[in-house]
Amino acid sequence: MGAFNRTRAKQAEVEAKVAAGQCLIDGCTCKPRSRGLCDHHRMLFYYELRHLDTPEERAKFEADQVRDGKILLPGESVKTKRRARSPFTKVG
């Protein structure tokens, strides 16, 4: 993943929120719809992303948000949900 790496503590926090069915944004208890975000926060993320000038700026912004646990990589929610439900995986 390279630039997308999260700390173990942040990864555990993200997995707990995904397993609980909560938006990844602190304080939001809405159900996530896409990439770990509720509709409101997903639209805000894409609004900010659209208003960056270059593809490099967009890629850096997205990488920073993934690393900080504010958004999931595409397809990551399915993997994280499976891992959180597995009785053989220790979370936290």
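The values are calculated or read from the model by the stated rules, or taken from the named source; none is laboratory data. None of these values were measured; they are calculated from a predicted model. Cβ: placed from backbone, ideal geometry, glycine included. Neighbour counts: every protein chain shown.
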| task | Filter the range 58-72 for residues that are in contact (Cβ under 8 Å) with a residue 60 or more places away in the chain, closer than 13 Å to Leu24 by Cβ and either small (Gly, Ala, Ser) or in contact with a Ser or Thr (Cβ under 9 Å, 6 or more places away or on another chain) (or both) and give the result. | result | Arg67, Gly69
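Evaluate the following for Val66: is it in contact with a Phe, Trp or Tyr (Cβ under 6 Å, 6 or more places away or on another chain) and surrounded by 14 or more Cβ atoms within 10 Å (Cβ to Cβ)? Steps first, answer last, please.
Values: in contact with a Phe, Trp or Tyr (Cβ under 6 Å, 6 or more places away or on another chain): yes; surrounded by 14 or more Cβ atoms within 10 Å (Cβ to Cβ): yes.
Here the answer is yes, as Val66 does meet what is asked.
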| request: Can you tell me which residue within the range 2-58, out of those that are in a loop (DSSP other than H, G, I, E, B) and of a type in the set (Gly, Ala, Ser), is farthest from the chain's Cα centre (by Cα)? | output: Gly27
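Let's see how each residue does on (1) over 11 Å from Ile71 (Cβ atoms); (2) at pLDDT 95 or above; (3) among the hydroxyl-bearing types (Ser, Thr, Tyr):
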| site | (1), (2), (3) |
| --- | --- |
| Ala12 | yes, no, no |
| Glu15 | yes, no, no |
| Val18 | yes, no, no |
| Gly21 | yes, no, no |
| Thr29 | yes, no, yes |
| Arg33 | yes, no, no |
| Phe45 | no, yes, no |
| Glu57 | yes, yes, no |
| query | When both residues are 6+ apart or on different chains and their Cβ atoms are under 7 Å apart, which pairs have a first residue that lies in the range 34-57 and is farther than 18 Å from Pro74 by Cα and in contact (Cβ under 8 Å) with a residue 60 or more places away in the chain, and a second that is exposed (fewer than 15 other Cβ atoms within 10 Å of the Cβ) and β-branched (Val, Ile, Thr)? | reply | none
| query | From the set of residues in the range 24-63 that are more than 23 Å from Glu13 (Cα to Cα) and among the charged types (D, E, K, R), which is surrounded by the most Cβ atoms within 10 Å (Cβ to Cβ)? | reply | Arg58
